[in-house]
Every structure is written in C-alpha cells, then in structure tokens.
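Following: one structure in structure tokens, then a few remarks.
The values are calculated or read from the model by the stated rules, or taken from the named source; none is laboratory data. Keep in mind that what you see is a predicted model, and the values were worked out from it rather than measured. Note that each Cβ is placed from the backbone with ideal geometry, even for glycine, and that neighbours are counted across all protein chains shown.
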Amino acid sequence: MHKPERTPLIDPSDARANVGGYDDYPELYVRWFEYGAFQPNFRSHGSRPQNEVWSYGRQAEPILEKYLKLRYELMPYIYSLAHGTHENGAPFMRGLFMDFGDDPKVVDVGDEYMFGPSLLVAPVVEQGVTSREVYLPAGTDWYNFWTNERMHGGQTVMVAAPIDVIPLFVKAASILPLGEAVESTNERQRLAKVKVYPGADGEFELYRDDGTTYEYEQGKSELTRFHWSDRTKNLTRTGTKAEVVSEDGLVEVVGAGH
C-alpha cells in the first residue's frame, strides 16, 4: 500500500475510482498540471483512467481550471515566443544561465527556469510542501506574479506555495500580452490586456498568424512591437495594429499608483 510522506494537500476521497489507493495522486496531478502550464507543449497525460480537470475531485478541479484558463490567457505571449524560437532557434523554456550569464549563482540552479524573457518558474516538486526557496537572479528586479510584490534580484527568498500556487516571478521591464478568454485555440483571440512591469525600458514583439495553415511561410503574419519607456512611463506600439477587446484599460502598469 502506497503511503504519502506527508498529509496530502488534496482530498482524494471523491476521486477514489480514478486514483485507487494513491492518496497523494490528486496532489501530484495538480502540481504537474501547474508546471505543465508553463511548458512549450501543455498536454494532460497521466497513468489514471481519466485525466480531465473534473477527474481528480472537487478540491482539485477549480485549481486545474485556474491553470487551464491561465494557459489560454498567456497564449499571445507563448505563441510569440514560439515564433521567436522558429526565427532564431533558441529555446524559450531554458535554464537561468542563458539569460543571466553574469550571475555565477545561477549555474547550479536546476529546479527553476525561464519561460521566455519575462517569466521565472519555480515548480513545487516535493509532496505535501506549501513553500519553497526561489533564487532571483541578479541584475534586475522581480515581481511576484500572484501578489505583484517587487523584489531585488541576487537573493534567495522563501515563497508561499499553497496547493493552488506555483511560484512565478516576472522580470522587471517585461511586457506581458494577455488574451481574452477562449474555449480553444480554434477561436480568434483578441488582446484583453497588456501588463507592464516597470524597472527599465522594455520591448516585446507580438506575433500572430492564422494559427492553422502554413501561409506564414509566405509572409502572411502580423507583428506588433511594444516599447515601454521607463523614464516617461509610456507604452507605445508600432507595426500591425493588434486586435484588442477594448482600448479602455488595455494597458496595466503593475505598481502604478502604489
């Protein structure tokens, strides 16, 4: 009989038919799902009979739904990262040393990674824990994605990680385009918000094509270039005019007015 090392963070009792005697399997699946939302390919595989978001009990379902929706919200960012990889061959899920080569402390960090130029992801990989240490690379400030708290780089911080939270930080000077809620990538997704994390001048190139055909190989694609001036606190756009839900409230500057 499998016995978890610690008390499971997700009650398995209403998912017994799916998880059998593995009481910590719903917790494992939730943590894996959170981690999967920040990978180039997000696939809901598993060794249980069912792997839908409702298959692991009432406590797990809203957390899985949260990260499924977040993945779609981040799609304009992720798709643009994929375009960058297509153009230059560099991975957008990468070790910290690729972005912070001047910081010798990142060399031995094997349980954190950058997801594109903006997001630092620190998955929870221990059963039953609700916090973990995260090293924030030097040379920039960082924002806690969930709380918007700003911290200096070059330090290790203890971060709260309850079962519904994967530690996630945004590099200062990041421009994060976020899409409207959609049911699948078959839908045309407009920009709902552009979040700016101040601290230095920033750039982001938003890429778009039809998402279905190979017509992008004939140049049928769109590029919108965002530039953030930290001195003037102004975000400008050049190139193709991005399709947005509304211009009102489109730009959100994190920390503005605080």
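I'd like to know if the stretch 116-137 contains one or more residues that are touching an Asp or Glu at 6+ places or on another chain (Cβ under 8 Å), at positive phi, part of a loop (DSSP other than H, G, I, E, B) and not aliphatic (A, V, I, L, M). Steps first, answer last, please.
At the first step, the residues of the stretch 116-137 found to be touching an Asp or Glu at 6+ places or on another chain (Cβ under 8 Å) are 117, 120-125, 127-128, 132, 134-135, 137.
Adding the requirement that they be at positive phi leaves 128.
In the following step, the residues that additionally are part of a loop (DSSP other than H, G, I, E, B) were identified as 128.
Narrowing the set further to residues that are not aliphatic (A, V, I, L, M) leaves 128.
Among the residues of the stretch 116-137, at least one is touching an Asp or Glu at 6+ places or on another chain (Cβ under 8 Å), at positive phi, part of a loop (DSSP other than H, G, I, E, B) and not aliphatic (A, V, I, L, M), which makes the answer yes.
Check the stretch 187-194 and report whether any residue there is within 21 Å of Gly116 (Cβ to Cβ), assigned to a loop (DSSP other than H, G, I, E, B) and touching a Lys or Arg at 6+ places or on another chain (Cβ under 7 Å).
No, the conditions are met nowhere in the stretch 187-194.
Going by the structure shown, is Leu70 in contact (Cβ under 8 Å) with a residue 40 or more places away in the chain, under 25 Å from Thr140 (Cβ atoms) and either among the aliphatic types (A, V, I, L, M) or surrounded by 19 or more Cβ atoms within 10 Å (Cβ to Cβ) (or both)? Before the answer, list the steps.
Details: in contact (Cβ under 8 Å) with a residue 40 or more places away in the chain: no; under 25 Å from Thr140 (Cβ atoms): yes; either among the aliphatic types (A, V, I, L, M) or surrounded by 19 or more Cβ atoms within 10 Å (Cβ to Cβ) (or both): yes.
Judged against the criteria, Leu70 is not a match.
Starting from the stretch 1-24, keep only residues that are assigned by TED's automatic domain parsing to the domain that holds Gln50 and within 14 Å of Gln59 (Cβ to Cβ), then list their pairs with residues that are surrounded by fewer than 20 Cβ atoms within 10 Å (Cβ to Cβ) and of a type in the set (S, T, N, Q) whose Cβ atoms are within a distance under 6 Å, requiring at least 6 positions of separation or different chains.
Within 6 Å, the pairs are Asn18/Gln50; Asp24/Gln127.
If Val19 satisfies all but one of (1) under 19 Å from the mean Cα position of the chain (by Cα); (2) farther than 25 Å from Leu120 by Cβ; (3) of a type in the set (A, V, I, L, M), what's the number of the condition it fails?
In the conditions (1) under 19 Å from the mean Cα position of the chain (by Cα); (2) farther than 25 Å from Leu120 by Cβ; (3) of a type in the set (A, V, I, L, M), Val19 misses (1) alone.
Is it the case that Thr232 is under 30 Å from Ala122 (Cα atoms), outside the structural domain of Asn144 (by TED's automatic domain parsing) and not in a strand (DSSP E or B)?
no
Filter the stretch 30-61 down to residues that are surrounded by fewer than 17 Cβ atoms within 10 Å (Cβ to Cβ) and touching a residue at least 40 places away in the same chain (Cβ under 8 Å) and give me whichever is nearest to the chain's Cα centre (by Cα).
The selected residue is Gln39.
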